[in-house]
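The values are calculated or read from the model by the stated rules, or taken from the named source; none is laboratory data. These numbers come from a predicted model, not from an experiment. A quick note on method: Cβ atoms are made from the backbone with ideal geometry, for glycine too, and the neighbour counts reach across all protein chains shown. In case anyone asks, the SASA skips ligands and DNA or RNA and just uses the protein heavy atoms, side chains included. Shrake-Rupley method; radii C 1.70, N 1.55, O 1.52, S 1.80 Å.
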Amino acid sequence: MAMVVGGMGAGDLAWWLGLVFGAAPLLCLAVWHSADAYQSVSTLVYSLHWNYIGQVTFANICKMFISMEPSPLTCQIDRWFAGLVAGLRAFPLDFPGTAFHGARKCRRKLNAVFRQELEARRKVDKECDDLMSGLMHMEDEQGKKLSDEEVVDNIVSLVVAGYESTASAIMWATYHLAKSPVALAKLREENMALSESKAGSPLMITHDDLPKMKYTAKVVEETIRMANIAPMVHRVANKDVEYGGYMIPAGWSVLVWVRSLHTDPNFYHDPLTFNPDRWDEPAKPGTYQVFGGGYRICVTSLAFARLQLTIMLHHLSIGYEWELLNPNAEIGYLPHPRPMDGAAMAFLKFRPNA
Ligand code: HEM
């Protein structure tokens, strides 16, 4: 693992949450590079794409966060997370049969299963190279540790925030590339050249390779811009604010609709066209808010999400062809943008060791 992440520094990450996300890319590289992760990718033939990408992403998250291998229990945990997410934006009616009630039930089950794992580890003094152990051991400047409840709460929150967003980004990248053969050819050319230049371990990309992956970085950025995985962010006005001739009174909730920024022709030429080369120029200040902004900006905005997408694109582009089975499938926009057919695709592996 040290070889894979050589050259990375976590010193710029300030406090305990920073510590976790300093470690996350390292765990991420190790997990996405594991043999069985690619075994999983290689079986992506005539499958329902969204479901499968979701499964692979969830399996990796289970390993990174709680060192759990895929099992009937992780499948059950996945279903509880699905129940929790389904109730997140539901009307808060708490009686049997409602999404909100179901979400609360799932949340209690998730709390119980993670709590059990935490207590089991403590009993035998078990050390793991994962998020749960990191959270159990980290201390703030006063030497104070997180309570068990806080450890579990952080794990649940991070899975909710990181699971569907990552799966969705990977799905949109493959979706747009399937519709943009020129971009896919450039991506493949860059990654093939990189892979061939690495005698001995053609599967591994390292941190030192990232600066060479210039076109891949543009594909990642363009995917995240087009995908608008989080189309809006939530804020509360903490004082009266006048904006655009309107008064927003203190205490009001505000939805900042960031998708409209990313699809505004004043800021992005031909904004609905997937064009990685637009990133030859940086976005105008304030017009690119895919990870939110200010104090509540996405904790992984600088590395984790982009890194996962980069690794996935590397392996897919050097080893697979794919096509959309329903290129004109309708797109649904709530709660997150997604083709209504789950982005069904046919994958064909053309390189045995990719
Ligand atoms: C392409 C992938 C992702 C996108 C587009 C994305 C986007 C966002 C956005 C827009 C916010 C709200 C920020 C704001 O209110 O200003 C957010 C918050 C957050 N994200 Fe992400 N995210 C992604 C991946 C992840 C991953 C992989 C994780 C964790 C493993 C994660 C963890 C979080 C957390 C914990 C917050 C809450 C931060 C806070 O409220 O202080 N995100 N994300």
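Looking at (1) farther than 30 Å from LYS349 by Cβ; (2) buried (at least 19 other Cβ atoms within 10 Å of the Cβ), find the lone condition where GLY244 falls short.
(2)
Does SER197 satisfy the condition of being loosely packed, with under 15 Cβ neighbours inside 10 Å and either within 16 Å of the ligand (Cβ to nearest atom) or under 21 Å from PRO337 (Cβ atoms) (or both)?
no
Quick one: which of HIS262, HIS269 is modelled with pLDDT of 95 or more and under 23 Å from the mean Cα position of the chain (by Cα)?
HIS262
Can you tell me which of LYS105, LYS109, LYS126, LYS179 is at pLDDT below 95 and either in contact with a strand residue (DSSP E or B) (Cβ under 8 Å, 6 or more places away or on another chain) or away from the ligand (no atom under 16 Å from the Cβ) (or both)?
After applying the criteria, what remains is LYS126.
Going through the stretch 275-296 one residue at a time, which ones are of a type in the set (Ser, Thr, Tyr) and surrounded by 17 or more Cβ atoms within 10 Å (Cβ to Cβ)?
Answer for the stretch 275-296, where residues must be of a type in the set (Ser, Thr, Tyr) and surrounded by 17 or more Cβ atoms within 10 Å (Cβ to Cβ): just TYR288.
Select from the stretch 54-91 the residues that are among the aromatic types (Phe, Trp, Tyr) and modelled with pLDDT of 85 or more and write down the one among them that is most open to solvent (accessible area, probe 1.4 Å). Talk me through it step by step, then tell me what you get.
First, pick out the residues of the stretch 54-91 that are among the aromatic types (Phe, Trp, Tyr): 58, 65, 80-81, 91.
Filter once more, so that each one left must be modelled with pLDDT of 85 or more: 65, 80-81, 91.
Numbers: PHE65: 18, TRP80: 47, PHE81: 5, PHE91: 158 Å².
Ranking the candidates gives PHE91 first.
Restrict the check to the stretch 165-188 and report whether at least one residue is part of a helix (DSSP H, G or I), under 22 Å from ASP78 (Cα atoms) and open to solvent by 30 Å² or more (accessible area, probe 1.4 Å).
Checking the stretch 165-188: at least one residue is part of a helix (DSSP H, G or I), under 22 Å from ASP78 (Cα atoms) and open to solvent by 30 Å² or more (accessible area, probe 1.4 Å).
Residues checked against (1) in contact (Cβ under 8 Å) with a residue 60 or more places away in the chain; (2) within 22 Å of ASN154 (Cα to Cα); (3) open to solvent by less than 60 Å² (accessible area, probe 1.4 Å):
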{"residue": "CYS298", "(1), (2), (3)": "yes, yes, yes"}
{"residue": "PHE304", "(1), (2), (3)": "yes, yes, yes"}
{"residue": "ILE311", "(1), (2), (3)": "yes, no, yes"}
{"residue": "HIS314", "(1), (2), (3)": "yes, no, yes"}
{"residue": "ILE318", "(1), (2), (3)": "yes, no, yes"}
{"residue": "GLU330", "(1), (2), (3)": "no, no, no"}
{"residue": "HIS336", "(1), (2), (3)": "yes, no, yes"}
{"residue": "GLY342", "(1), (2), (3)": "yes, no, yes"}
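Of the residues ALA237, ALA303, ALA283, ALA250, only one is within 16 Å of the ligand (Cβ to nearest atom), more than 26 Å from the chain's Cα centre (by Cα) and among the aliphatic types (A, V, I, L, M); which?
Just a single option satisfies the conditions, and that option is ALA237.
Can you find, within the stretch 208-233, the residue that is modelled with the lowest pLDDT among those that are open to solvent by 10 Å² or more (accessible area, probe 1.4 Å) and over 22 Å from ALA167 (Cα atoms)?
ASP208
Would you mind stating whether LYS126 is basic (Lys, Arg), free of Cβ contacts under 8 Å to residues at least 12 places away in the same chain, surrounded by 13 or more Cβ atoms within 10 Å (Cβ to Cβ) and over 19 Å from ILE311 (Cβ atoms)?
Here the answer is no, as LYS126 does not meet what is asked.
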